[in-house]
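Below you'll find the structure, written out as structure tokens, and then a few comments.
The values are calculated or read from the model by the stated rules, or taken from the named source; none is laboratory data. Small disclaimer: the values here were computed from a predicted structure and weren't measured. Cβ placement follows ideal geometry from the backbone for every residue including glycine, while neighbour counts extend to all protein chains displayed. Each accessible area value is taken on the protein alone, full model and side chains, heavy atoms only, with ligands, DNA and RNA left out. Shrake-Rupley method; radii C 1.70, N 1.55, O 1.52, S 1.80 Å.
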Amino acid sequence: QGGQLYNGVFQRQRRLYFWTSVSRAEYGKKIGAVTVTAQYKLMQLRLVDQERDIRLLSELRSIPILRVEYAMLPQTTLRAGFQGIGSLPYRLRDETAKRNSFDQRTAFVTLTNFSRYYGYELVTIAGVSRDSRAFNTRFQDARNFDALSFFVRTLIGFTDFGRPI
């Protein structure tokens with residue numbers, strides 16, 4: 001970046017380093033018609049202005065996940081999942097804006113049905129989800145929330161969406 005701008009102002013050059021990574025570990029176990037999958041994701045993001053030695057962005061996300069799937073019928077699946085388990089919440093640590101750091105827990109249960117409708121693949125998902133987020137800094141209580149959602153989604157034409165592996 002740098003040089004003469006449209007309004008005649010000169011902006012000095014600078015280097016910005018952007019680095020991000022996503023690491024994931026997964027273990028699944030099939031027991032009859034039930035599949036249990038434990039996952040862990042670690043996501044990092046850094047944006048540093050090298051000339052001024054300033055971190056513009058610095059985030060670390062730690063996300064434990066547990067999913068359970070039960071094939072009720074050949075075309076119908078019951079799923080439950082948790083993001084943030086017990087004493088291990090989904091955790092975001094923002095080092096540049098600590099007020100944005102939070103712990104979150106999400107749980108959901110869905111019933112998914114696969115069928116055909118006039119030659120199209122039809123996927124219907126009905127479920128309930130609960131999200132709970134708590135910010136880590138004082139005076140952020142107003143941003144904390146607990147949400148309960150009920151939903152029905154219908155997808156047409158996505159032949160492999162949501163099918164158990």
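So, with a 1.4 angstrom probe, what is the percent of accessible area on the chain that is carbon and sulfur? Working shown, then result.
On the way: 6550 of 11480 Å².
On the chain, the fraction of accessible area on carbon and sulfur atoms equals 57 percent.
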- Note on the structure: Options (i) 22.1, 71; (ii) 15.0, 43; (iii) 18.9, 63 for Rg and Dmax of the Cα atoms in Å; the value derived from the coordinates is listed as (i)
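I need the calculated FRET efficiency for the pair Gln4 and Phe145, taking r as the beta carbon distance and R₀ as 45 Å, to the nearest 0.05.
Working: r = 47 Å, r/R0 = 1.05.
Efficiency for this residue pair is about 0.45.
Computed FRET efficiency, Cβ-Cβ of Ala71 and Trp19, R0 35 Å: what is it to the nearest 0.05?
On the way: r = 41 Å, r/R0 = 1.18.
Plugging the Cβ-Cβ distance into 1/(1 + (r/R0)^6) gives 0.25.
Send over a whole-number figure in Å² for the accessible area per residue of the chain, probe 1.4 Å. Don't skip to the end; give the middle numbers.
Numbers: 11480 Å² over 165 residues.
Spelled out: the 1.4 Å probe surface of the chain, per residue, equals 70 Å².
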- Item | Listed peptides 19-30, 108-119 by packing density, highest first (mean Cβ within 10 Å) | 108-119, 19-30
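If each residue of separation counts as 0.36 nm, what is the full-extension length gain between Arg91 and Tyr120 once their alpha-carbon separation is subtracted?
Working: separation 29, 0.36 × 29 = 10.44 nm, distance 4.01 nm.
Additional length available on full extension: 6.4 nm.
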- Message: If each residue of separation counts as 0.36 nm, what is the full-extension length gain between Leu57 and Ala38 once their alpha-carbon separation is subtracted?
- Response: 3.9 nm
